[in-house]
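The values are calculated or read from the model by the stated rules, or taken from the named source; none is laboratory data. Since this is a predicted model, take the numbers as computed values, not measurements. Using ideal geometry, Cβ is built from the backbone for each residue, glycine included, and neighbour counts are taken over all protein chains shown.
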Amino acid sequence: MKYPVTVYGDPLLRRKAESVDKDHEGLAEIIENMWETMYYSDGAGLAAPQVGLSLRIFIADASAAADEDPELKNFKKVFINPEIIETYGDEWIMNEGCLSLPEIREDIKRPDKVKIRYLDENFESHEDVFEGYPGRIIQHEYDHLEGVLFIDHLSPLKKKLIKNKLRNIASGKVVPHYQIKIPAKKA
Ligand code: ZN
């Protein structure tokens, strides 16, 4: 089942997501539905708050970069209750997009490496360092669990320049090919 994607303007995207228990009801199904939603929407990553669930879960598929790095061919991972231990390495710019901010793409600078502790879909604990493209996806998705969006990394001037686009998303005027949940109008 595909979930509708929550978009900019939805307060859920600004909330810190909650930890997940191993026996969380329907967890396996939630993860399966997240994959289905992400692939249908042509995303490389998806966090639970983007599908209306305030849970500390995100998924990442870095296989799109397999041409440059063949090791990424099968990079498909689930991160539950992740904790970033540190980010380090040279900062680099990548043009980022987000399913919750349809039609917006901006150059975002982030550190290359991220050291992260997390549980996989079987609740096995891992501590890994990711860099390059997967490191980028992971930092972007982790932000969602903290209520942070990639546009928050823009300079105030750049953010001002996309103000109208943001307003259009929040008012349901931007219609992507995937289903979205239009934020409720403020009274
Ligand atoms: Zn995003």
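So, in region 107-151, how many residues would count as being buried (at least 18 other Cβ atoms within 10 Å of the Cβ), away from the ligand (no atom under 12 Å from the Cβ) and in a strand (DSSP E or B)?
6
Return the residue satisfying two criteria in turn: it lies in region 9-47 and is out of contact with any helix residue (DSSP H, G or I) (no Cβ under 7 Å at 6 or more places or on another chain) and hydroxyl-bearing (Ser, Thr, Tyr), and of such residues it is nearest to the ligand (Cβ to nearest atom).
The selected residue is Ser41.
I need a count of the residues in region 145-177 that are touching a residue at least 60 places away in the same chain (Cβ under 8 Å) and in contact with a Gly (Cβ under 9 Å, 6 or more places away or on another chain).
Adding up the residues that qualify gives 4.
Scan region 120-133 and report the pairs whose first residue is of a type in the set (Val, Ile, Thr) and whose second residue is assigned to a strand (DSSP E or B) and modelled with pLDDT under 95, with Cβ atoms within less than 8 Å and a gap of 6+ or a chain change.
none
Residues being under 27 Å from Val20 (Cα atoms), surrounded by fewer than 17 Cβ atoms within 10 Å (Cβ to Cβ) and more than 12 Å from the ligand (Cβ to nearest atom): count how many of those fall in region 152-180.
Final tally of qualifying residues: 1.
Considering only region 77-96, how many residues are free of Cβ contacts under 8 Å to residues at least 24 places away in the same chain and not polar (S, T, N, Q)?
4
Quickly run through region 152-170 and pick out the residues that are in a helix (DSSP H, G or I) and farther than 15 Å from Leu99 by Cα.
Residues satisfying the conditions are Asp152, His153, Pro156, Leu157, Lys158, Lys159, Lys160, Leu161, Lys163, Asn164, Arg167.
Find all pairs meeting these conditions: Cβ atoms under 9 angstrom apart; at least six residues apart or on different chains; first residue within region 39-59 and closer than 10 Å to Glu18 by Cα; second residue of a type in the set (Asp, Glu) and more than 14 Å from the ligand (Cβ to nearest atom).
From region 39-59, the pairs are Ser54/Glu18; Leu55/Glu18; Arg56/Glu18.
Any chance region 73-95 includes a residue that's in a loop (DSSP other than H, G, I, E, B), within 15 Å of the ligand (Cβ to nearest atom) and of a type in the set (A, V, I, L, M)?
No, because not a single residue in region 73-95 is in a loop (DSSP other than H, G, I, E, B), within 15 Å of the ligand (Cβ to nearest atom) and of a type in the set (A, V, I, L, M).
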